[in-house]
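All remarks here apply to the structure that follows.
The values are calculated or read from the model by the stated rules, or taken from the named source; none is laboratory data. In this text, all values refer to a predicted model and were calculated from it rather than measured experimentally. FYI the Cβ positions are ideal-geometry reconstructions off the backbone, even for glycines, and counts take in every protein chain you see.
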Amino acid sequence: MNHKRTFRVSYLLLLTLLLSGFSISPPLLAADGFSPSTAHTVSGTIISDEGDPLIGVTIQVKGTSLGTISDFDGKYSIELDDPNGTLIFSYTGYQPQEVAINGRSMIDVTMEVDVTALEEIVVVGYGSQKKVNLTGAVSSVTSEALENRPIPSVGMGLQGLIPNLNISVRNGDPTRSVDFNIRGYESINGGSPLILVDGVPMDLERINPHDIASV
């Protein structure tokens, strides 16, 4: 009986020591500098100086490779380690901005148009290039040129305003979409243009001429 009692007491003593060891481990890890760091999340909305949400704005943490882009509603969210870092907002045609986080979790930004950059940058398909790097001709039409013409559609309004752009209507139906052709109808490579409205393919005839800023 005495032998069994001694064995049971020793077993309980060993179990108590093991449990005590687990309770001591976290302070030791923290003292050695191995405590896990918590990520800081920053989110917000990016708009233009006219109040419109901007899609595809690049947001980057200064001095790092961390970054993200704004969504269709101009909203963004990014996780970073330093709550006192700096965010860089950049967008084609707008002035880049550097904003100090200062521990904030919500940062809204209003981008301002860079007039000088707009004069030097041309939208090409889904991207953009500087005018000096283009090998082709570039033409533009302002909204004032369209407003001063009595036109039933945008396509008819562009007739005669852009060199080498041929516009035709296959029949006399005024509601029919016009056909565009660039640099002649006999081109072996095809001359039908890709029409993008704010980066989205769209039928030009479905747009109100008064809603167009430039072509």
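Restricting attention to the range 72-91, the residues that are closer than 23 Å to residue 213 by Cβ and surrounded by 15 or more Cβ atoms within 10 Å (Cβ to Cβ) add up to 4.
On the basis of being modelled with pLDDT of 90 or more, in a strand (DSSP E or B), farther than 25 Å from residue 200 by Cβ and not assigned by TED's automatic domain parsing to the domain that holds residue 200, does residue 88 make the cut? Judged against the criteria, residue 88 is a match. Taking the criterion of being part of a strand (DSSP E or B) and over 12 Å from residue 107 (Cβ atoms), the residues of the range 67-79 that qualify are 67, 68, 69, 79. Among the residues of the range 56-71, which ones are under 8 Å from the mean Cα position of the chain (by Cα) and over 17 Å from residue 97 (Cβ atoms)? Result: 71, single match.
State which residue is surrounded by the most Cβ atoms within 10 Å (Cβ to Cβ) when the search covers only the range 41-55 and only residues that are more than 16 Å from residue 97 (Cβ to Cβ) and among the acidic types (Asp, Glu). It comes out as 52.
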